[in-house]
Amino acid sequence: MLFEQILFFIAGIGAIGGALGVVMLRNPFYSVLALVAHLIALAVLFLLLRADFLAAAQVVVYAGAVMVLYVFVAAYVGGSDEPLRPEGAGVGALGALFALALFVELTIAVVGSSLGALDTTGRDIPAAFGSPGEIGKLLLTDFLVAFEVASFLLLVAAVGAVVLARKRRGLEDPEPAPGVISAHEAISGPKEPARQ
Amino acid sequence: MNTSWFVVLSAFIFCIGAAGVLTRRSPLVILLCLELMLNAGSLALIAFSRMAGNQDGQIFALIVMVVAACEVVIGLGIIVAMYRRRLPIDVDAMSELRG
């Protein structure tokens, strides 16, 4: 029990420190690295909550694959330091104030809620809770539709990324080169010149 | 550990992410802050799933992870497209979305 508490505070401080680093560091490259630290600390918290499979997926998919994508784009766009706002710190202070108000409100909502189970560790759970086998069984039985929709969403995102990032000369699609016939012309015959 | 500890921690991380989205100007960092907010949501879902002794919340968190990955791919694609067109990488300068 004591071990769990120590681990919670270490991982929690790591997660908060990583999150603050993401927001406060001026160089986007360092922000990405702070997010990696944050995600690993979060994976430890997931383990404390007995979400073994999710912790592994967090480290492998998020801290591994997605962050590599971020590092590539930060290197491609140029990890230049962000200039400060020209209008001074007014907007920044307003944003921080809004976030503080949001936190106070959420904390009041959590602490003041009459949900008695919030003050317990939770119900007794079987040993296989959160294991890959259990998650897989749920995904293929109760949540099959969500699983399929998620795979379709990933496909759409992949196609969208290719469309967004492909090389284009300008705003319009390039004119077809002479001698190239479009699929429409191939089917319906060559286009006739418009008669006056 | 009591569930409320985890939920308050998740609220704190969510607010840090919200502050970042509101104050930063680089779209790359704004995407990173969105990741923070989504992850805070996942943490709350998993904490409640542990509290209820039910694994449905973990499936929710998994789907959130999928949606976050899609959002990253599209967002980074937009940033790369902005860079290719030599547009300023600054959300204040990019106030309208056209072609």
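The values are calculated or read from the model by the stated rules, or taken from the named source; none is laboratory data. Owing to the predicted nature of the structure, the values given are computational and were not obtained by experimental measurement. Every residue, glycine among them, receives a Cβ derived from its backbone with ideal geometry; neighbour counts consider all protein chains shown.
Between B:Met65, B:Met82, the distinction of being within 30 Å of A:Leu115 (Cα to Cα) and of a type outside the set (Lys, Arg) belongs to B:Met65 only. So which residues in region A:115-152 are of a type outside the set (A, V, I, L, M, F, W, C), modelled with pLDDT of 90 or more and either over 18 Å from A:Ala51 (Cα atoms) or not in a helix (DSSP H, G or I) (or both), if there are any at all? Listed by number, the residues that qualify are A:Thr141, A:Asp142, A:Glu148, A:Ser151. Among the residues of region B:41-61, those identified as within 14 Å of the chain's Cα centre (by Cα), closer than 25 Å to A:Val156 by Cα and either hydrophobic (A, V, I, L, M, F, W, C) or buried (at least 19 other Cβ atoms within 10 Å of the Cβ) (or both) are B:Ser42, B:Ala61. The selection criterion, being closer than 23 Å to A:Pro126 by Cβ, touching a residue at least 60 places away in the same chain (Cβ under 8 Å) and of a type in the set (A, V, I, L, M, F, W, C), does not hold for A:Ala55.
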